[in-house]
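Colleague: Have a look at this one before I ask anything.
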Amino acid sequence: MQFFGMFLLAGGLFLTSCTDDTTDPTPTAATVSLGTGAGFISGNAEIETGSTFNVNVIATSGTNPMKALTVYKDNVAMDFNDLTFNGSGATSNPALLFNTDKTSLNWEIGILGEATDGSHDYKFEILDDNGLTNSVTINIITKTTATPLEKTLMGVLFNQAGPTGTGGLDLDNGTSLGSANVAVEIRDMGIDCGLPDATNWRKQIGSANSADMRKVDLTVLPAFTFAATVSKEAILEAYTTGTVLGSGMTDNCTTPVSVNDVSAPVVVGDMFVVLSNSKYYLIQVAKLNNTTTNNDDNYEMNVKY
């Protein structure tokens, strides 16, 4: 019996010594990093106020599959309306993960920056099925660097079928000049001689002296207004997204003249951007003064550049 007991003890010691005690039972969270590819911000940065920036979130699961990705601004989950995931508008934040994203994630995230100058922390957090989290955080400073406008003014553009020396407008100072004057950037398109005197004013404007004019397209820039435009960059954007205009003919019942970039009959509130000698002018039709007994018809134009 003593021999048998010693045998059991030796066997127990042998079994204990053969147990693998190198395995770490502590679960690990996912690893998270930001990609450094072109077009992505991967660290602290400064951006234009109100602009959108992009990050590339890369994550790999730890012990457990990944469950959700959350984007925080100053430790508060962001409104999903201010985010895009892989080029599409986000529908939730946190975003649940499925399929291969649960083990290996590589997402492109677009973020609408703040509309005011300031400093904000953005955190990208991965939650796994066991409740473990890991994250990466960057600081983004929003700063206005837009170029301020030079001048805001008002000018009067007269019907070019009126007295000599009318029909053109110098947008630099709002001076009314003749439609053929070398200093004007826009001109009136005169009258339609086939209509009665009371209704023959075309109410159309065109570019002059090789200027280029486009109509502001509010379907592309629905929030654009004349009053809120405070930078040259905003005027440039209105020009590059604006509607290209066709050419047209004008006459004052004497000699027809071909004019480039001719508008349709304008209404109060219409806005155009005129490019002349590398300068961009934003103009708005503020008022239409239509006479019925003479050709003193005119537009009151607001101008910014």
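The values are calculated or read from the model by the stated rules, or taken from the named source; none is laboratory data. Small disclaimer: the values here were computed from a predicted structure and weren't measured. Every residue, glycine as well, gets a Cβ built from its backbone with ideal geometry; the counts of neighbours run over all protein chains shown. Keep in mind that these areas ignore ligands, DNA and RNA; they rest on the heavy atoms of the full protein, side chains included. Shrake-Rupley method; radii C 1.70, N 1.55, O 1.52, S 1.80 Å.
Colleague: Straight distance only, please: which lysines reach the Cα of Lys215 with their own Cα at less than 18 Å, same-chain residues fewer than 8 apart left out?
Modeller: Lys203, Lys232, Lys279, Lys287, Lys304
Colleague: Ok, one more. Once Cα extents along the principal axes in Å is worked out from the coordinates, which option in [x] 140, 47, 32; [y] 135, 34, 27; [z] 122, 55, 28 does it equal?
Modeller: Correct label, based on the coordinates given: [y].
Colleague: About its Cα centre, what dipole magnitude does the chain give when the only charges are +1 on Lys and Arg Cβ and -1 on Asp and Glu Cβ, stated in debye to the nearest 20? Before the final figure, lay out each step's value.
Modeller: Details: 15 positive and 33 negative charges, 60 e Å.
Dipole size: approximately 280 debye.
Colleague: Explain nothing, just the number: dipole magnitude of region 148-305 about its Cα centre with +1 on each Lys and Arg Cβ and -1 on each Asp and Glu Cβ, in debye rounded to the nearest 20. Kindly include the intermediate steps, with their values, before the conclusion.
Modeller: Numbers: 10 positive and 17 negative charges, 42 e Å.
Result for region 148-305 is approximately 200 debye, rounded to the nearest 20.
Colleague: Taking a ≥ b ≥ c as the square roots of the eigenvalues of the Cα gyration tensor of region 34-94, is the shape rounded (a/c under 1.5), prolate (a/b larger than b/c) or oblate? Don't skip to the end; give the middle numbers.
Modeller: Values: a/c = 1.79, a/b = 1.30, b/c = 1.38.
Here region 34-94 falls in the oblate category.
Colleague: Further question on the same structure: What do you get for chymotrypsin sites (Phe, Trp or Tyr not before Pro) in region 62-98 restricted to DSSP loop and a cutoff of at most 11 other Cβ within 10 Å of the site's Cβ? Each step should come with its number before you reach the end.
Modeller: On the way: sites: Tyr72, Phe80, Phe85, Phe98; in loops: Phe98.
Sites meeting the loop and neighbour criteria: Phe98.
Colleague: A further question follows. May I ask you to derive the relative contact order of region 247-305, considering only C-alpha pairs under 8 Å and at least 6 residues apart, and to give it as an integer percent?
Modeller: 23
Colleague: At 1.4 Å probe radius, can you tell me the per residue accessible area of the chain in Å²? Working shown, then result.
Modeller: Numbers: 16110 Å² over 305 residues.
I get 53 Å² per residue for this part.
Colleague: Please give me the summed charge of the neighbours of Gly246: other residues whose Cβ is under 14 Å from its Cβ, Lys and Arg +1, Asp and Glu -1. Provide the component values of the computation, followed by the final result.
Modeller: Numbers: positive: Arg214, Lys215; negative: Asp212, Asp261.
So the environment of Gly246 carries a net charge of 0.
Colleague: Now for a different question. For region 91-192, what does the alpha-carbon gyration tensor say about shape, rounded, prolate or oblate, given a ≥ b ≥ c as the root eigenvalues, a/c under 1.5 as rounded, and a/b over b/c as prolate?
Modeller: Values: a/c = 6.58, a/b = 3.43, b/c = 1.92.
It is prolate, given that a/c is not under 1.5 and a/b is the larger ratio.
Colleague: Right, something else. Calculate how steeply helix 2-17 sits against the longest principal axis of the alpha-carbon atoms of the chain, using the helix alpha-carbon long axis, and give the answer as 0 to 90 degrees to the nearest 10.
Modeller: Taking Cα atoms only, the helix is inclined about 20 degrees.
Colleague: Treating cross-link reach as a plain straight distance, find the lysines whose alpha-carbon is under 24 Å from the alpha-carbon of Lys123, omitting any fewer than eight places away in the same chain.
Modeller: Lys67, Lys73, Lys102, Lys143
Colleague: Explain nothing, just the number: relative contact order of the chain, from Cα pairs under 8 Å at least 6 residues apart, as a whole percent.
Modeller: Numbers: 722 pairs, mean separation 43.5, N = 305.
Relative contact order here is 14 percent.
Colleague: Mind checking which of Gly155, Ala115, Leu127 is farthest towards the positive end of region 74-170's charge dipole, using Cβ charges of +1 (Lys, Arg) and -1 (Asp, Glu) about the Cα centre?
Modeller: My answer, from the dipole projection, is Gly155.
Colleague: Quick check: from the Cα gyration tensor, does region 232-305 come out rounded (a/c under 1.5), prolate or oblate? Don't skip to the answer; put the middle values down first.
Modeller: Details: a/c = 2.42, a/b = 1.48, b/c = 1.63.
Since a/c reaches 1.5 but b/c is at least a/b, the shape of region 232-305 is classed as oblate.
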